[in-house]
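Undergrad: Quick one: the structure is below, questions incoming.
Nothing in this text is a laboratory measurement; each read-out follows from the coordinates by a stated rule. Source: prediction; values computed, not measured. Note that we place each Cβ from the backbone using ideal geometry, even for glycine, and neighbour counts take in every protein chain shown.
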Amino acid sequence: MTDDEFLLLNPGPVPVTSAVREAMDAPMVSHRSADFEAVYERAQNGLDYVFEHSTPQEQSTSAGGTSLVLNGTATMGMEAAVANLVGEGDKVVALVNGKFGRRFARIAARYASVTRVEVEWGDSLDPDDVAEAVTDDTDLVTMVHNETSTGILNPVPEVGEIAAAHDTRFVVDGVTSIGGDVFRIDDWNVDIAITDSQKALAAPPGVSAMYVTDRVVEHLDGERAPFYADLDWHLRKADDNQTPFTSAVPLFRALAVAVEEIESEGMEARIDRHRRQAAAFRSGFDGMGLDGFPTLGDASTHSNTVTAISLPASVRENPEEFFAAVDERNVSISGGQAHLGGEIFRVSNMGHLADEQVLRGIRTVGEAFTD
Ligand code: PLP
């Protein structure tokens, strides 16, 4: 790859392979045809592999569940999960340490009564705070595994234990971890796990995927959810490799190829690759003397997929200049979100990155600082 080629390092959408792109360039078929059913079956099988084998030892960790693909990005999946599990009068504990945890809390507040457990953006959530907030009356805990807005990994296993001890449903947004990091559905007592096509699954944006465990099915009430997000209905149709409504056929095709690519690479090798490349980003920026936001500290909160770095004080005076200098070099990175705008930059190593592309990302940031 030359420096003339565009390099996408945003935390989504991420680079996809040519096979994934080409999968979308095929004649249209009916979403009620056997052709489409075969596509959905491939996507579901590949997703089962990803959801059930995101472990260091490649063994399955699932006692059973169903992979679904929904038209609509991860926010659609987050809302579907919440709306099928809680309604008026129910109690949700929503864990917030960044933009996406906050989004989960906002979604839940449209359906039920929400208590937020919050720590500063950039810190990892503290299980002790969660233990104080969750009681036997709590109906649902929502949590983001890898907080994309800050590059911080949250303690899902510990929170899963707390939720299980109170027999509380536990829904986890694994949007920027599933497909790039360890994610153990059963061991962590996760009832529904959600991810997005355009992140660590390395498919184009537009659809989301979720794993609905068998044990949560009796708690779903699709009739109180928005019509389009009735998970009982999605599950019934999925038994026949169908969807209730017209599927985004080209996106389902691309997702099917992307998850098959993950299966060919093998989850263990893929997680290792992500770990190595995220560590390379961290040490490259560390070597430049940059302050890694909180992400260069406690290794247990290191993200495998997103690195967030504080902008030096001199750059904060005019961050647009820095981002323009990166853009001019044909590399796309992200700034901070919400109040972190102008304070940090973020790069992702999700998708199909070669090691030399990671090195180019580090070099480009270094050059942009000295422009
Ligand atoms: N959750 C996390 C952790 C994310 O990173 C994102 C997007 O970046 C979302 C949810 C929402 O995705 P979308 O805006 O595509 O619906």
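Undergrad: Being crowded, with 22+ Cβ neighbours inside 10 Å and in a strand (DSSP E or B) is the filter here; which residues of the stretch 303-331 pass it?
TA: Within the stretch 303-331, Val306, Thr307, Ala308, Ile309, Val331 meet the criteria.
Undergrad: Here's something else I'd like to know. Can you find even one residue in the stretch 246-255 that is over 19 Å from the mean Cα position of the chain (by Cα), of a type in the set (Val, Ile, Thr) and exposed (fewer than 15 other Cβ atoms within 10 Å of the Cβ)?
TA: Yes.
Undergrad: May I ask you to list the residues in the stretch 177-218 that are charged (D, E, K, R), more than 14 Å from the ligand (Cβ to nearest atom) and outside any helix (DSSP H, G or I)?
TA: Arg184, Asp186, Asp187, Asp191
Undergrad: In addition: The conditions are (1) more than 11 Å from the ligand (Cβ to nearest atom); (2) without any contact (Cβ under 8 Å) to a residue 40 or more places away in the chain; (3) surrounded by 23 or more Cβ atoms within 10 Å (Cβ to Cβ); (4) closer than 30 Å to Val347 by Cα, and Pro127 fails exactly one of them. Which is it?
TA: It fails just one condition, (3).
Undergrad: I'd like the full set of residues that are more than 11 Å from the ligand (Cβ to nearest atom), aliphatic (A, V, I, L, M) and within 17 Å of the chain's Cα centre (by Cα), limited to the stretch 154-176.
TA: Listed by number, the residues that qualify are Val156, Val171.
Undergrad: Here is a follow-up. Starting from the stretch 173-201, keep only residues that are basic (Lys, Arg), then list their pairs with residues that are more than 12 Å from the ligand (Cβ to nearest atom) whose Cβ atoms are within a distance under 6 Å, requiring at least 6 positions of separation or different chains.
TA: That search, which allows pairs on different chains as well, returns Arg184/Thr55; Arg184/Thr61.
Undergrad: Residues in the stretch 52-76 that are away from the ligand (no atom under 16 Å from the Cβ) and assigned to a helix (DSSP H, G or I): how many?
TA: Of the residues in the stretch 52-76, 1 are away from the ligand (no atom under 16 Å from the Cβ) and assigned to a helix (DSSP H, G or I).
Undergrad: Looking at the structure I just gave you, is Glu79 among the charged types (D, E, K, R) and more than 12 Å from the ligand (Cβ to nearest atom)?
TA: No; evaluated as a whole, the condition is false for this residue.
Undergrad: Condition test on Asp137, is it surrounded by fewer than 16 Cβ atoms within 10 Å (Cβ to Cβ), more than 16 Å from the ligand (Cβ to nearest atom) and assigned to a helix (DSSP H, G or I)?
TA: Here the answer is no, as Asp137 does not meet what is asked.
Undergrad: Also, I was wondering about something else. Quickly run through the stretch 1-34 and pick out the residues that are out of contact with any helix residue (DSSP H, G or I) (no Cβ under 9 Å at 6 or more places or on another chain) and either among the aromatic types (Phe, Trp, Tyr) or assigned to a helix (DSSP H, G or I) (or both).
TA: Scanning the stretch 1-34 gives Phe6, Ser18, Ala34.
Undergrad: Among the candidates Glu79, Glu132, Glu118, which residue alone is acidic (Asp, Glu) and touching a residue at least 40 places away in the same chain (Cβ under 8 Å)?
TA: Only one candidate qualifies: Glu79.
Undergrad: For the stretch 90-108, which residues satisfy the criterion of being free of Cβ contacts under 8 Å to residues at least 40 places away in the same chain and either surrounded by 24 or more Cβ atoms within 10 Å (Cβ to Cβ) or within 12 Å of Leu140 (Cα to Cα) (or both)?
TA: Ala105, Ala108, listed by residue number.
Undergrad: Okay, next question. Considering only residues of the stretch 102-118 that are among the β-branched types (Val, Ile, Thr) and outside any helix (DSSP H, G or I), which is farthest from the ligand (Cβ to nearest atom)?
TA: Thr115
Undergrad: Next up: Do you know which residues across the stretch 238-253 are assigned to a helix (DSSP H, G or I) and either at positive phi or out of contact with any strand residue (DSSP E or B) (no Cβ under 9 Å at 6 or more places or on another chain) (or both)?
TA: Across the stretch 238-253, the qualifying residues are Val249, Pro250, Arg253.
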